[in-house]
Amino acid sequence: MQVIAATGNRHKLKEFERIFAPLGIEIAAQSDVCPALAVEETGETFAENAFLKAQAVHRLTGKAAVADDSGLCVDALGGAPGVYSARYGGEDLPHSEKIKLLLEEIAQAPDEKRTARFVAHICYIGADGTRIDAEECCEGVIGHAPRGEGGFGYDPIFMVGDRSFAELSDAEKDAVSHRGKALRAFAEKLSQGCGNQ
């Protein structure tokens, strides 16, 4: 089975491939199928944005599409950056600067107020129009400084236990991450034939 991943993020694409390969699902990159497609994320929730992306690819190609919308929700910031995680501080601000900005904004927060979660919503639209959604989160805390060389985005400051996401191996991260859990929940629903038209 082939599914088009409605993302231009190569890091997300790698995570999709790692988790779906053992399930016999081949992931095609949006950039290979419809490279000019750009979807504006106008939704107010992760679910709305994931649907917008999957729907756009499905409508353009007529093929099965899967999309993810995810973000970091920091309690000390009232749940921000949330759905604006990728645009936090500005569209073109490098991730290292987004991290710096976030750390500055919560610098005065005591450790017990640095709780946060990564949220991922997966939306799949099959070639026949069947829709399957799954949403999961991973609880953690925001570290005081970036740690680790792996991962991407906010991974260097998102702590699970005594390590940041950026310090975990791919297998360790996939086992506990919001996206890993959401992709597995989606795959389970797909294998059970769940979905709605």
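Each value in this text was obtained by applying a stated rule to the coordinates, not by laboratory testing. Worth saying up front: this structure is predicted, and the values here are computed from it rather than measured. Every residue, glycine as well, gets a Cβ built from its backbone with ideal geometry; the counts of neighbours run over all protein chains shown.
Quote the FRET efficiency, to the nearest 0.05, computed for Leu23 versus Asp111 with a Förster distance R0 of 35 Å and r equal to the Cβ-Cβ distance.
Numbers: r = 39 Å, r/R0 = 1.11.
Once the sixth-power term is evaluated, E becomes 0.35.
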For Ala175 paired with Tyr84, estimate the spin-label separation in nm (one decimal), with each label point 7 Å from Cα along the Cα-to-Cβ line. 3.7 nm
In straight Cα distance, which aspartates and glutamates are under 14 Å from Lys63, not counting same-chain residues fewer than 8 positions off? Glu26, Asp32, Asp128
³J(HN,Hα) across region 116-123 via Karplus (A = 6.51, B = -1.76, C = 1.60, θ = phi - 60°), whole Hz, x for Gly/Pro? 7, 8, 8, 10, 10, 10, 9, 10
If you take all C-alpha pairs in region 2-191, what percent of them are over 23 Å apart? 41 percent
How big is the antiparallel share of DSSP beta bridges in the chain, given as a percent to the nearest 5? 80 percent
Counting sequence-distant residues (5 or more places) and residues on other chains, those with an amide H built under 5 Å from that of Ala28 are Val3, Ile4, Ala5
For region 1-28 and region 71-114, write down the distance between their C-alpha centroids in whole Å. 27 Å
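Sort 177-187, 138-148 by the packing proxy (mean of other Cβ within 10 Å over each peptide's residues), most packed first. Don't skip to the end; give the middle numbers.
Details: 177-187: 22.5, 138-148: 16.9.
For the peptides 177-187, 138-148, the packing ranking is 177-187, 138-148.
I need the peptides 18-30, 84-96 ranked by packing, meaning the mean over residues of other C-beta atoms within 10 angstrom, with the highest value on top. Don't jump to the answer; show the numbers that get you there.
Numbers: 18-30: 15.9, 84-96: 13.7.
Descending packing order for the listed peptides: 18-30, 84-96.
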